[in-house]
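Enquirer: Mind looking over this structure? Questions follow.
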Amino acid sequence: MKQSMVSVTFGCGLVFMLAGWLGASLYAQNKIALTPPMGWNSWNYFGCKVTDADVRGAADAMASNGMKEAGYIYVNIDDCWQGERDGQGFIHPNSKFPDIKALSDYVHSKGLKLGIYSSPGPKTCAGFEGSLGHEEQDAETYAKWGVDYLKYDKCSWRGTVPEEIAAYRKMHEALAKTGRPILFSLCQYGDDRVWSWGASVGGNAWRTTGDISADYERMAYIGFGQNGLERFAGPGHWNDPDMLEVGNGKLTDDENKTHMSLWCLLAAPLLAGNDLTRMSHQTLAILTNREVIAVDQDPAGFQGFRVAQEGPLEVWVKPLSDGSKAVGLFNRGYTPATVTAYFKDIKVAETAAVRDLWLHKDLGTFRESFSATVPRHGVVLVKVRD
């Protein structure tokens, strides 16, 4: 049964109590992630081979190649950093990460923030130490290290849905207790309608899908499948269709632009997943296009949605805070095709001005619709203002 079909009546006192608790929780979250988080994560490229040197290299690159200026802030270590717990139960890193506090200080010296990874279960996906039974100890450790972001991946978690929700809330409360602002990213693959409860357990973002991979079909399946989740996203709490694969695998430039455009229309976290020290100029240009990123980072915090579909051709729209609309014309087919955005569908006036955000070019004023020839697996991303 759809949630909207269920009606429950509470006593006034309970309503006010719940509203106050939820409001305080959301307020605390919103102070951290007013716009979708931007940064880099080690997993997509380095996997379990990641080292302290790799993370420092990513921080160096972000601080010098224009990514920091474009808004990328977080440098996130994914799985495989953990060593053993000591006799008191506190976690220590393994030999690949000899001193995470020193690494954190280094990342902070670049004007960036450090992220880390754990699990509500006993083990992480790669079989390292999870946080089950050590939530407060781990939160205290992360705060002492200067960690700014926690990806919490359920992998080995076993239990009922209410127990799962309680496990995520427990870590949120442990993080809050430290007094350090730490972005809390839930990773449980979109199970159990996480978008409907993620914010209530302190989540600033929550994965809505299984893992992405560096191929067009998987990326498109995940990205275009986000339609309908827009009502659950907003400042402080975001749907997360997984990290970016821009620059990885065999994705073409057109496919990379589709990937980046769609994630920005979705108000998704933008976490680059490539090797930042060895990427092409074109990949860097895609990742740092300020006009495209502005769509993702728009302060109104609306998530875009599909307004038209004709076979493999789709039109998506995202309302922006200045009253204009970001519009994506997508071609999921195998040959170039003309895609048309009708102004009545995107809710603008009969006559409107159009600007191409990838070309940084004003295209002129159009009446009733805007059409463009879109390459296979490509996109034309425009801003429409009436």
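Enquirer: Name, by its number, the condition in (1) of a type outside the set (D, E, K, R); (2) free of Cβ contacts under 8 Å to residues at least 12 places away in the same chain; (3) farther than 21 Å from Gly133 by Cα that does not hold for Gly223.
Expert: Of everything listed in (1) of a type outside the set (D, E, K, R); (2) free of Cβ contacts under 8 Å to residues at least 12 places away in the same chain; (3) farther than 21 Å from Gly133 by Cα, Gly223 misses just condition (2).
Enquirer: I'd like to know if region 250-270 contains one or more residues that are surrounded by fewer than 21 Cβ atoms within 10 Å (Cβ to Cβ), at pLDDT 95 or above, in the same structural domain as Gly210 (by TED's automatic domain parsing) and not in a loop (DSSP other than H, G, I, E, B).
Expert: Yes, region 250-270 contains a residue that is surrounded by fewer than 21 Cβ atoms within 10 Å (Cβ to Cβ), at pLDDT 95 or above, in the same structural domain as Gly210 (by TED's automatic domain parsing) and not in a loop (DSSP other than H, G, I, E, B).
Enquirer: Separate question: Going through region 161-194 one residue at a time, which ones are over 18 Å from Thr141 (Cα atoms) and either in contact with a strand residue (DSSP E or B) (Cβ under 6 Å, 6 or more places away or on another chain) or in a loop (DSSP other than H, G, I, E, B) (or both)?
Expert: Answer for region 161-194, where residues must be over 18 Å from Thr141 (Cα atoms) and either in contact with a strand residue (DSSP E or B) (Cβ under 6 Å, 6 or more places away or on another chain) or in a loop (DSSP other than H, G, I, E, B) (or both): Leu186, Cys187, Gln188, Tyr189, Gly190, Val194.
Enquirer: If you don't mind, there's one more thing I want to ask. Kindly indicate whether any position in region 99-111 is loosely packed, with under 15 Cβ neighbours inside 10 Å, of a type in the set (Ser, Thr, Tyr) and in contact (Cβ under 8 Å) with a residue 12 or more places away in the chain. First the steps, then the outcome.
Expert: Step one: filter region 99-111 for residues loosely packed, with under 15 Cβ neighbours inside 10 Å, giving 99, 101-102, 105, 109, 111.
Within this subset, residues satisfying the condition of being of a type in the set (Ser, Thr, Tyr) are 109.
From what is left, the residues that are in contact (Cβ under 8 Å) with a residue 12 or more places away in the chain are none.
Looking for residues that are loosely packed, with under 15 Cβ neighbours inside 10 Å, of a type in the set (Ser, Thr, Tyr) and in contact (Cβ under 8 Å) with a residue 12 or more places away in the chain, one finds none in region 99-111, hence no.
Enquirer: What's the number of the condition Gly228 fails, among (1) under 17 Å from Cys264 (Cα atoms); (2) surrounded by 22 or more Cβ atoms within 10 Å (Cβ to Cβ); (3) not hydrophobic (A, V, I, L, M, F, W, C)?
Expert: Failing condition for Gly228: (2).
Enquirer: Of the residues in region 351-371, how many are under 29 Å from the mean Cα position of the chain (by Cα) and surrounded by 14 or more Cβ atoms within 10 Å (Cβ to Cβ)?
Expert: Qualifying residue count, region 351-371: 5.
Enquirer: Scan region 302-323 residue by residue and report those that are small (Gly, Ala, Ser) and surrounded by 20 or more Cβ atoms within 10 Å (Cβ to Cβ).
Expert: The initial filter retains those residues of region 302-323 that are small (Gly, Ala, Ser), namely 304, 308, 311, 321, 323.
Gly304, the sole residue that qualifies.
Enquirer: Could I ask something else about it? Tell me the residue from Val292, Val246 that is touching a Ser or Thr at 6+ places or on another chain (Cβ under 7 Å), in a helix (DSSP H, G or I) and within 21 Å of Asn41 (Cβ to Cβ), please.
Expert: Val292
Enquirer: Scan region 210-222 for residues that are under 20 Å from Lys151 (Cα atoms) and crowded, with 18+ Cβ neighbours inside 10 Å and jot them down.
Expert: Correct list: Ile212, Ile222.
Enquirer: In this structure, is Asp148 more than 25 Å from Asp191 (Cα to Cα) and under 21 Å from the mean Cα position of the chain (by Cα)?
Expert: yes
Enquirer: On to the next question. Tell me which residues, restricted to region 195-229, are of a type in the set (A, V, I, L, M, F, W, C), assigned to a loop (DSSP other than H, G, I, E, B) and over 15 Å from Gly273 (Cβ atoms). Steps first, answer last, please.
Expert: First, the residues of region 195-229 that are of a type in the set (A, V, I, L, M, F, W, C): 195, 197, 199, 201, 205-206, 212, 214, 219-220, 222, 224, 229.
Filter once more, keeping what is assigned to a loop (DSSP other than H, G, I, E, B): 197, 212, 214, 229.
Scanning region 195-229 gives Trp197, Leu229.
Enquirer: Go through region 46-91 residue by residue and tally those that are among the aromatic types (Phe, Trp, Tyr) and either surrounded by fewer than 21 Cβ atoms within 10 Å (Cβ to Cβ) or within 16 Å of Ser131 (Cα to Cα) (or both).
Expert: So the answer is 3.
Enquirer: Quick check: anything in region 236-258 under 15 Å from Val317 (Cα atoms) and in contact with a strand residue (DSSP E or B) (Cβ under 9 Å, 6 or more places away or on another chain)?
Expert: Among the residues of region 236-258, at least one is under 15 Å from Val317 (Cα atoms) and in contact with a strand residue (DSSP E or B) (Cβ under 9 Å, 6 or more places away or on another chain), which makes the answer yes.
Enquirer: What about Val55, is it touching a Lys or Arg at 6+ places or on another chain (Cβ under 9 Å), outside any loop (DSSP other than H, G, I, E, B) and in the same structural domain as Asp153 (by TED's automatic domain parsing)?
Expert: Criteria not met by Val55.
Enquirer: Look at Gly159 and say whether it is surrounded by fewer than 22 Cβ atoms within 10 Å (Cβ to Cβ) and closer than 28 Å to Ala33 by Cα.
Expert: no
Enquirer: Something else: Conditions first: (1) assigned to a loop (DSSP other than H, G, I, E, B); (2) modelled with pLDDT of 95 or more. Ser156 passes all but one, so which condition is the exception?
Expert: With (1) assigned to a loop (DSSP other than H, G, I, E, B); (2) modelled with pLDDT of 95 or more applied to Ser156, the lone miss is (2).
The values are calculated or read from the model by the stated rules, or taken from the named source; none is laboratory data. All values reported here derive from a predicted model rather than from experimental measurement. Cβ coordinates were reconstructed from backbone atoms using ideal geometry, including for glycine residues, and neighbour counts include every protein chain displayed.
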